[in-house]
Amino acid sequence: MKKNTICLLFAFLLFILLQPAMAIFPEGDEQEKNENTSTLLLYPKTDMQQSLSAMQSDYELGIMNFQLDALGFLFTGPQFAIDFQFANTIAVGPYFRWHYAGLVYQGIVTEWFSAETTTSLASYSFGAQARAFIPLGSGQHRPYFGLGFERSIGSDSWDPGGSWGERIYEYKTNVFHVSMGYRLLTESSFNLSAGLQLAIAKDTESIGYYEYGEDPIDYYPLETRFLPILQVVMGWQIGN
């Protein structure tokens, strides 16, 4: 009897001593869950994993985006562009800018509408640009930055009177630009961008001559200009 009592006391003490260990090392799924939680606390997501999660957003860039810079009617002409978009962040594509329809462009050419100067309908630019759109949160809000190049061609004329006809000026310009701004995606295909473009324009040709005259062509000094341009671009995406 005494021996049985000692055995029971020993078993009871052993149970009490093992309780903390059982709490620290739970069995089965609970133990695995605690281990995973500890691992997440010890090893949080890396910057690369966070970036990948951001790229897999609810709002994504389509395969193509057709765009119109409506604010261009006030500046150097409306811009029509097509972007081919990759990896939900990169957009690359060509564009066309019609200078004739730009109010500021017309003002510069005509000395702010004070001269009898006519701008040619064939005053335009063509170029290409590449931009990176950084997704924030769900990807609906995207700041961007980009680089681009365009070739600008234009001419204007005025009639001084006489038998030589109109005096015609022709010019060609290389334009390098950087851009930065913001794009808002919507649940539909429509998107809206607003940004600032900083451009350096370098003349490559600037000549003048008379329509019927036999005088030689006059070559004018080639100029370099700095052009800040505001843009408000409406876009429509297609493809997933």
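State the extension gain, in nm to one decimal, for the chain segment bounded by Trp236 and Met64, taking 0.36 nm per residue of separation less the distance between their alpha-carbons. Mind dumping the intermediate values first?
Working: separation 172, 0.36 × 172 = 61.92 nm, distance 0.83 nm.
Separation in residues times 0.36 nm, less the Cα-Cα distance, equals 61.1 nm.
What net charge do the residues around Gly148 carry, taking every other residue with its C-beta under 14 Å from that of Gly148, with Lys and Arg at +1 and Asp and Glu at -1? Show your work: numbers first, answer last.
Working: positive: Arg97, Arg131, Arg151; negative: Asp69, Asp83, Glu150.
Here the count lands on 0.
For Ala130 and Ser163 in one chain, what is 0.36 nm times their gap in residues minus the Cα-Cα distance, to one decimal in nm?
My answer for the length gained is 7.0 nm.
Could you tell me, in Å, what Rg and Dmax come out for the Cα atoms of the stretch 188-240?
Every Cα atom of the stretch 188-240 included, Rg and Dmax give 20.3, 60 Å.
Translational D (Stokes-Einstein, µm²/s) of the stretch 49-238 at 20 °C and 1.002 mPa s when Rh comes from the Kirkwood sum over C-alpha pairs?
Roughly 117 µm²/s, to the nearest whole number.
With N residues in the stretch 126-240, what two-decimal value do you get for its Cα radius of gyration over 2.2 N^0.38 Å?
Computed over Cα atoms of the stretch 126-240, the ratio equals 1.56.
The numbers here are math on the coordinates, done by the rules we state, and not lab data. The structure displayed is predicted, hence computed values, not measured ones. Note that each Cβ is placed from the backbone with ideal geometry, even for glycine, and that neighbours are counted across all protein chains shown.
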